[in-house]
Amino acid sequence: MNPVLMDISTEIETERLRLRMPQPADGAKVNAAIKASLPELQPWLGFARSNPSVDDTETNTREAHAKFLTRESLRYLVFLKETNEFVGSTGFHNIDWTIPKFEIGYWIDSRMSGKGYMVEAVGKLTEFALTELKGKRVEIRCESTNNKSKAIPERLGYELEGILRNEDLSVDGERLTDTCVYGKI
């Protein structure tokens, strides 16, 4: 089946969170979270290296909306259910619909970290991928020195399948990095 024809939930709820597809006008709140979290995000994420403008982030969220509709990637913005405060972003990228398999990525507003929100969101997305999307494999990849990012798959029972040595360049392009590959089937 063509993935574009699949009915995929644009909103998912957990006990404390609401995950939803990006919408036009989300850029300002996402950008505010990026700016508040620059010291934590810059070592790991390319979009945070250049301190993006609100227009840059708005463009990115609109592109994510379009990619969701075409099923190229499925990004979800994470909000607290009670207050509608923005928490962070997660979702599926590097999707292979022929298997199907999904890679989950994530980042959190540093003002929201340490409360288990991203573990809750990624746990729900893992369950969603394996049950609703009939996934045969879910991966999480992160730099081997990013301990906060590694903690999430480890807490969720993902298996560390390997470490790819000298697999990528650091975000600043100055050194080779090792990538941890976690999987769940």
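The values are calculated or read from the model by the stated rules, or taken from the named source; none is laboratory data. If you're wondering where the values come from, they're calculated on a predicted model, not measured in any experiment. Counting neighbours? That spans all protein chains shown, and the Cβs are built from the backbone with ideal geometry, glycine included. Each accessible area value is taken on the protein alone, full model and side chains, heavy atoms only, with ligands, DNA and RNA left out. Shrake-Rupley method; radii C 1.70, N 1.55, O 1.52, S 1.80 Å.
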Have a look at Leu133, Leu176 and point out the one that is under 29 Å from Thr98 (Cα atoms) and of a type outside the set (D, E, K, R).
-> Leu133
What pairs come up if the first residue lies in segment 174-185 and is without any contact (Cβ under 8 Å) to a residue 12 or more places away in the chain, the second is outside any loop (DSSP other than H, G, I, E, B) and among the aliphatic types (A, V, I, L, M), and their beta carbons are under 9 Å apart, counting only those six or more places apart or on different chains?
-> Arg175/Leu169; Leu176/Leu169
For segment 23-52, what are the residues that are outside any helix (DSSP H, G or I) and either within 19 Å of Thr83 (Cβ to Cβ) or at pLDDT 95 or above (or both)?
-> Gln23, Pro24, Ala25, Asp26, Ser37
Take segment 134-154 and flag every residue that is assigned to a loop (DSSP other than H, G, I, E, B) and either of a type in the set (Asp, Glu) or within 15 Å of Leu164 (Cβ to Cβ) (or both).
-> Ser144, Thr145, Asn146
With the first residue restricted to segment 32-51 and required to be on the phi < 0 side of the Ramachandran plot, and the second required to be open to solvent by 80 Å² or more (accessible area, probe 1.4 Å), Cβ contacts under 6 Å at 6 or more apart or on different chains are Ala36/Arg111; Gln42/Arg49
When both residues are 6+ apart or on different chains and their Cβ atoms are under 9 Å apart, which pairs have a first residue that lies in segment 61-77 and is free of Cβ contacts under 8 Å to residues at least 12 places away in the same chain, and a second that is open to solvent by 10 Å² or more (accessible area, probe 1.4 Å)?
-> Ala66/Glu72; Lys67/Ser73; Lys67/Arg75; Lys67/His93
